[in-house]
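Data first, discussion second: the structure below is written as structure tokens.
Computed from the coordinates by the stated procedures, all read-outs in this text should not be read as laboratory data. Computed from a predicted model, the values in this text were never measured in an experiment.
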Amino acid sequence: MTRYEPRYPKTGKDVNVGPSERLLSVLLGGYMAARGVRKGRLGGLATALAGGYLVYRGSTGHCNLYEKIGVSTARRAIEIDESVIINRPVHELYSYWRDLGNIPEFMRHIEEVRVIDDKRSHWVASTPGGIKVEWDAEITGERENEYIAWKSLPFSDIESEGMVEFSTAPGHRGTELRVHMIYNLPGNGAAAPVQRLLAAISFRQIREELRRFKQIMETGEVPTTEGQARGRAIGE
């Protein structure tokens, strides 16, 4: 199964207020509503109503004014699930993927992965316009020959997380590899290169990259841009 769609909070797809702003709205709205009730009279009623709207705005994540002027401070995410069956044993696929420096061989949008230590790595991606986007990531969990999970570190250009799972395919037909990736879509203040990179990522691209990984592991050849393959022994 493949999924490629923005994820929204459970309040619905009209969410256009970011998390910090929602919290502030609830706190300020609650204070204003309580103060208005205590004050009473017409002025107090107006204050209470304004506070009630702020509480509504924070709890639902929807702002009518933002909707009218086309503004959104909410953060969505691109979520991708993809799987492929590869005619190689689990341990080979796990070992190749665990060496993070191999990832640019089959992921076209990743230009370089530089390993810092056993857990941390530095990633460089290229946008369609040729501008580089960089971030640091760390492995947040792993079990040999079963899964590897990772997440970007704070203050990176991009927020992402993912997991790759390895399991014996039905009928022992090799290994089923499943990739789950999430890229956060920043608000309106995000740097343009990050937005261009995220806009270029699609399930079709991830599917193609997994096809490249499958070919590398099954044949030892890396497919080129023109669709040809160049020889390369795995582990070179």
**Asked** Whose amide H sits under 5 Å from the amide H of GLU159, counting only residues 5 or more places off or on another chain, with H placed in the peptide plane?
**Response** ASN184
**Prompt:** Which aspartates and glutamates have a Cα less than 18 Å from the Cα of LYS119, not counting those fewer than 8 places away in the same chain?
**Reply:** ASP99, GLU134, ASP136, GLU138, GLU142, GLU144, GLU146, GLU159, GLU161, GLU165
**Prompt:** Roughly speaking, what % of Cα-Cα pairs in the stretch 19-69 are separated by over 14 Å, rounded to a whole number?
**Reply:** 49
